[in-house]
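Right, one structure below, let's go through it.
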Amino acid sequence: MSNRRSFLSQLGLSIIGIGAAGAGRVLLKTKNQAPYKKGLVLSTWSHGIPANAEAMRIIEQGGTAVDAAEMGVRVVEADPEGQSVGIGGLPDRDGKVTLDACIMDSNGNAGSVCFLQDILHPVSVARKVMDETPHVMLSGEGAKRFALDQGFELTDLLTERSKKAWEDWLKEAQYKPIINIENHDTIGLLTLDKAGNIAGACTTSGLAFKMHGRVGDSPVIGAGLFVDNEIGGATATGMGEAVLKTLGSFLIVELMRQGYSPQEACEEGVRRIVAQGNYKDIQIGYLAMNKQGEVGAYALHPGFNYAEARPGMNRMVDSPSFL
Ligand code: ASP
């Protein structure tokens with residue numbers, strides 16, 4: 001397949017669709033394949049503004065997409081005021097802050113950690129899994145032991161504010177996540193560097209007051225994040241279970257490979273969740289870029305927004321939504 005793709009791109013052609021009606025028939029269309037090389041960073045929610053600023057600083061200095069992605073989301077992981085990522089994240093039902101994160105570089109390499117406790121920068125542990133081990137994903141105690149072996153330090157991630165929120169929740173202990181309202185929001189960040197290479201990272205404390213041991217979409221390659229440097233990247237936020245069941249980020253990148261724009265691909269990703277039913281009480285937001293620097297975003301409900309940075313610009317954009 002990759003030979004066929006390189007052959008097509010040498011010809012300046014790309015596959016734009018293989019529909020059910022045209023099964024077996026490949027439609028070809030001339031398309032400008034030149035990658036965007038000015039620098040582009042996209043990330044979910046308003047904490048994306050400081051994250052994008054850091055990622056863009058690295059890109060403007062000639063840094064790689066993967067370094068920019070890691071350093072960008074670290075800004076949010078380290079902010080104790082944010083209650084959805086890293087330190088200060090809302091804990092699970094048992095009062096434990098458990099973190100999920102992953103990273104993908106421009107060569108198709110990936111690293112991930114899930115159900116990780118007491119470590120400030122899960123994305124950097126995921127990076128070490130990618131760079132230093134033959135594995136993709138480490139979980140729980142094993143991930144923590146690996147982090148400590150790699151020189152990461154133990155950090156108490158439960159802030160007074162998040163502990164108080166948990167104690168308040170315990171009074172009723174109702175498991176009813178309302179994602180936009182709780183502002184319980186993952187950061188998924190995509191980067192396109194000045195060499196025209198794409199990478200991404202995704203990090204979260206997951207759903208507030210989740211069951212102990214619950215892992216969401218964010219650390220799962222293909223669900224919370226997927227990058228293919230020939231095509232583009234996608235990331236997800238919202239109710240992870242729905243993203244996992246449709247492998248949303250992988251789906252969006254594959255649709256872009258078939259010729260969908262990032263916007264069309266995000267819309268189709270959301271439609272797959274709608275098609276599964278039970279979508280009215282959950283929020284999902286998808287964000288994507290392609291190699292040409294085009295952007296797409298789509299959510300189930302209004303309220304999802306994202307930060308977009310290009311040289312000299314870093315702004316919030318409201319995503320369109322299905323409902
Ligand atoms: N996707 C995350 C999860 O399910 C939560 C979020 O993005 O708000 O863990």
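Data overview
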read-out: Gyration tensor verdict on the stretch 198-323 (Cα atoms; rounded if a/c is under 1.5, prolate if a/b is larger than b/c, oblate otherwise); value: rounded
read-out: Shape box of the chain [Cα atoms, principal axes, largest first, Å]; value: 61, 43, 38
read-out: Sequence ranges 291-301, 223-233, 141-151, ranked by mean other-Cβ count within 10 angstrom, highest first; value: 223-233, 291-301, 141-151
read-out: Cα long-axis angle, helix 65-77 against the chain (0 to 90 degrees, to the nearest 10); value: 30
read-out: In Hz, Karplus ³J(HN,Hα) per residue of the stretch 289-304 (6.51, -1.76, 1.60; θ = phi - 60°; x = Gly, Pro); value: 9, 10, 4, 8, x, 7, 10, x, 8, 7, 10, 6, 10, x, x, 7
read-out: Sequence-distant residues sharing a close amide H with G238 (under 5 Å, placed H); value: T186, G285
read-out: Convex hull (Cα only) mean projected area of the stretch 57-165, reported in nm² to one decimal; value: 7.1
read-out: Assigned charges on the beta-carbon of Lys, Arg, Asp, Glu; the stretch 185-271 dipole about Cα centre (debye); value: 260
read-out: Shape of the stretch 186-260, Cα gyration tensor, a/c cut at 1.5; value: oblate
read-out: Ordering of 110-117, 275-282 by burial proxy (mean other Cβ atoms within 10 Å per residue, highest first); value: 110-117, 275-282
read-out: Rounded to 5, the percent of DSSP beta bridges in the chain classed as antiparallel; value: 90
read-out: Förster radius 25 Å - calculated FRET efficiency between S46 and E160, Cβ distance, rounded to 0.05; value: 0.60
read-out: Per-pair calculated FRET efficiency, R0 = 30 Å: M211 and T133 via Cβ, rounded to 0.05; value: 0.60
read-out: On Cα atoms only, tilt of 160-172 relative to the major axis of the chain in degrees; value: 80
read-out: When the stretch 108-208 is reduced to its Cα atoms, the Kirkwood hydrodynamic radius in Å; value: 15.6
read-out: Dipole of the stretch 213-262 [Lys/Arg +1, Asp/Glu -1 at C-beta], most positive-end residue of S261, T246, I231; value: T246
read-out: Relative packing of peptides 97-109, 161-173, 243-255 - highest average C-beta neighbours within 10 Å first; value: 97-109, 243-255, 161-173
read-out: Positive-end extreme of charge dipole, the stretch 36-107 - chosen from Q83, W45, C102 (charges on Cβ); value: W45
read-out: Alpha carbon centroid spacing (whole Å) that separates the stretch 267-323 from the stretch 29-87; value: 16
read-out: Point-to-point label distance, D168-D281, nm (Cα→Cβ direction, 7 Å offset); value: 2.1
read-out: Computed log₁₀ I(q)/I(0) - Debye formula, equal Cα scatterers, no solvent, the stretch 119-161, q 0.18, 0.20 Å⁻¹; value: -0.49, -0.59
read-out: At R0 = 35 Å, FRET efficiency that the Cβ-Cβ distance of V274 and M316 yields, to 0.05; value: 0.85
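Each value in this text was obtained by applying a stated rule to the coordinates, not by laboratory testing. For clarity, every value in this text was computed on a predicted model and none was experimentally measured. Every residue, glycine as well, gets a Cβ built from its backbone with ideal geometry; the counts of neighbours run over all protein chains shown.
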